[in-house]
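Novice: Could you have a look at this structure, given as structure tokens, before my questions?
The values are calculated or read from the model by the stated rules, or taken from the named source; none is laboratory data. Values in this document were obtained by computation on a predicted structure and should not be read as measured data. Because the Cβ atoms are built from the backbone with ideal geometry, glycine has one as well, and the counts that use them run over all protein chains shown. For the accessible areas, the whole protein counts, side chains as well, though only heavy atoms, and no ligand, DNA or RNA atoms are used. Shrake-Rupley method; radii C 1.70, N 1.55, O 1.52, S 1.80 Å.
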Amino acid sequence: MDLTQILPTFGSVAWTIAAFVVALSIIVAIHEYGHYIVGRWSGIHAETFSLGFGPVIYSRIDKRGTKWQIAALPFGGYVKFLGDANAASVGGTGDARNTMLGAPLWARALTVAAGPVFNFILSIVIFAAVMMWQGKSADPLTFDVAKPLPPGVSQSLQSGDRIRTIAGVTVPASDDFSDIIDDLPRQPSLDYLIERDGTEMTVRAPYPYPAMVLGLSPTSAAYDAGLKVGDVITAIDGEPAFAFAQLIDIVAASNGRALDLEVWRDGQTRTVNLAPRRVDLPSADGGFETRWLLGITGGLYFEPMTQPVGLVDALTSSVKQIWFIIASSLTGLGHMITGAISSCNLSGPVGIAQTSGAMAAQGASSFIWFVAVLSTAVGLLNLFPIPVLDGGHLVFHAYEAVTGRTPSNGALRVLMTLGIAMIVTLMVFALANDLFLCP
């Protein structure tokens with residue numbers, strides 16, 4: 001076999017694995033550090049903090065006697081507290097106060113809950129930092145620099161131009177810009193009323209939302225077909241395209257039929273054939289809707305000028321983002337259980353690894369944002385009331401708080417066995433989705 005045919009595939013697989021390991025290691029490290037630090041603050045001694053499983057490749061012991069180690073298999077981690085196997089200990093037995101088994105109920109409960117809570121904190125910090133770093137579009141909408149476009153369309157806007165109206169339609173701030181898209185005539189270029197250096201004038205510029213690829217969903221039809229951020233779709237099945245809305249309408253009406261897209265990239269044009277895929281998306285009413293999609297996100301053909309985002313606004317938006325992820329995940333899970341949407345929406349380790357690699361390939365900001373989304377998902381998963389997960393142990397602690405005693409050893413063994421069986425079954429099903437059921 002030709003080695004030149006193997007290397008690109010190997011490079012892609014290596015990149016995907018590396019991105020997955022980095023993302024998972026960050027999330028696991030924060031999760032386990034939450035267990036560790038709250039346990040320490042609560043007076044529970046940690047014997048070992050491990051990032052990864054299996055043979056130890058590096059370790060050191062700190063002044064408190066905790067062994068910090070990195071193991072060879074970077075797909076998880078754990079904290080081993082004195083008197084227990086890990087941070088998800090169950091109940092007290094009157095042992096020494098600095099052990100997991102002998103600590104008060106409040107200390108054990110806080111230590112267990114800290115892992116998921118730290119995952120949410122990580123997400124909040126990342127979301128807020130990205131928002132503050134990127135800023136928000138200035139109000140009024142102000143042109144900064146145009147993105148590369150195919151030749152032939154007049155572009156007369158200059159940096160600093162404040163856009164008042166487009167084709168007679170008043171322009172809102174860019175966050176609400178999509179509200180006026182349906183009111184604009186679909187033409188290759190439109191009249192822009194602008195303010196330039198204190199003077200109002202009308203100039204001709206491209207349709208503001210062209211059929212341009214500004215974002216790609218991993219494992220989507222567009223991603224698998226090789227489209228890239230910055231590509232401009234100039235024709236669909238031979239018909240000229242200049243508005244992203246045209247692409248939306250044609251894909252929605254395709255019923256999965258393959259489409260020929262003429263794509264402009266770096267001064268060259270090529271034809272890409274791809275078929276839209278059915279995707280379940282959260283709807284405004286809290287449910288889900290199934291649509292045909294290519295997996296492309298559009299936006300303005302130019303970069304608007306930005307203004308700073310305050311810390312309070314960034315943190316507020318971050319909390320709202322986390323709540324949206326949690327609510328969508330729980331709603332989606334409920335819809336999958338009832339059969340309202342496809343179980344293919346559940347991804348396993350292979351699917352998550354592919355997404356990690358795809359987001360890393362789109363740039364650092366996309367990858368960091370994905371880490372925050374995945375951290376929220378991991379925090380939520382660990383709060384599920386399943387034995388062996390943090391949420392299951394919190395249920396045991398709640399039982400102890402109400403009854404004054406821990407569950408019996410026999411009951412714990414049965415519940416732990418059931419919990420392990422549930423987790424293994426879920427992992428096998430998700431892996432089957434990745435490899436066989438949902439190609």
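Novice: Out of all the residues in the stretch 341-363, is one or more surrounded by 18 or more Cβ atoms within 10 Å (Cβ to Cβ), more than 18 Å from Leu216 (Cα to Cα), out of contact with any Cys (no Cβ under 9 Å at 6 or more places or on another chain) and β-branched (Val, Ile, Thr)?
Specialist: Yes, the stretch 341-363 has at least one match.
Novice: Kindly evaluate Leu431 against the criterion of being in contact with a helix residue (DSSP H, G or I) (Cβ under 8 Å, 6 or more places away or on another chain) and within 24 Å of Cys344 (Cα to Cα).
Specialist: yes
Novice: Quick check on my filter: what residues within the stretch 201-232 are without any contact (Cβ under 8 Å) to a residue 60 or more places away in the chain, buried (at least 20 other Cβ atoms within 10 Å of the Cβ) and aliphatic (A, V, I, L, M)?
Specialist: Answer for the stretch 201-232, where residues must be without any contact (Cβ under 8 Å) to a residue 60 or more places away in the chain, buried (at least 20 other Cβ atoms within 10 Å of the Cβ) and aliphatic (A, V, I, L, M): just Ala205.
Novice: Still on this model: From (1) free of Cβ contacts under 8 Å to residues at least 60 places away in the same chain; (2) in contact with a helix residue (DSSP H, G or I) (Cβ under 7 Å, 6 or more places away or on another chain); (3) open to solvent by 50 Å² or more (accessible area, probe 1.4 Å), pick out the condition that doesn't hold for Pro55.
Specialist: (2)
Novice: Also, I was wondering about something else. Do you know which residues across the stretch 261-277 are open to solvent by 70 Å² or more (accessible area, probe 1.4 Å), in a strand (DSSP E or B) and either in contact (Cβ under 8 Å) with a residue 12 or more places away in the chain or over 11 Å from Thr234 (Cβ atoms) (or both)?
Specialist: Listed by number, the residues that qualify are Glu262, Gln268, Thr269, Asn273, Arg277.
Novice: Within the stretch 31-45, how many residues turn out to be in a helix (DSSP H, G or I) and open to solvent by less than 50 Å² (accessible area, probe 1.4 Å)?
Specialist: Residues flagged as in a helix (DSSP H, G or I) and open to solvent by less than 50 Å² (accessible area, probe 1.4 Å) within the stretch 31-45 amount to 8.
Novice: Gly198 - would you say it is closer than 17 Å to Pro140 by Cα, in contact (Cβ under 8 Å) with a residue 12 or more places away in the chain, exposed (fewer than 15 other Cβ atoms within 10 Å of the Cβ) and of a type outside the set (A, V, I, L, M, F, W, C)?
Specialist: Answer is no for this residue.
Novice: Something else about it: In the stretch 169-185, which residue that is small (Gly, Ala, Ser) and under 23 Å from Asp197 (Cβ atoms) is farthest from the chain's Cα centre (by Cα)?
Specialist: Ala173
Novice: Restrict the check to the stretch 157-175 and report whether at least one residue is within 17 Å of Thr316 (Cα to Cα) and open to solvent by 30 Å² or more (accessible area, probe 1.4 Å).
Specialist: yes
Novice: Taking the residues in the stretch 71-114 that are modelled with pLDDT of 90 or more and hydroxyl-bearing (Ser, Thr, Tyr) as candidates, determine which candidate is surrounded by the most Cβ atoms within 10 Å (Cβ to Cβ).
Specialist: Filtering first and then ranking leaves Thr111.
Novice: Can you tell me which of Leu330, Leu315 is among the aliphatic types (A, V, I, L, M), open to solvent by 50 Å² or more (accessible area, probe 1.4 Å) and in contact with a helix residue (DSSP H, G or I) (Cβ under 6 Å, 6 or more places away or on another chain)?
Specialist: Residue meeting the stated conditions: Leu315.
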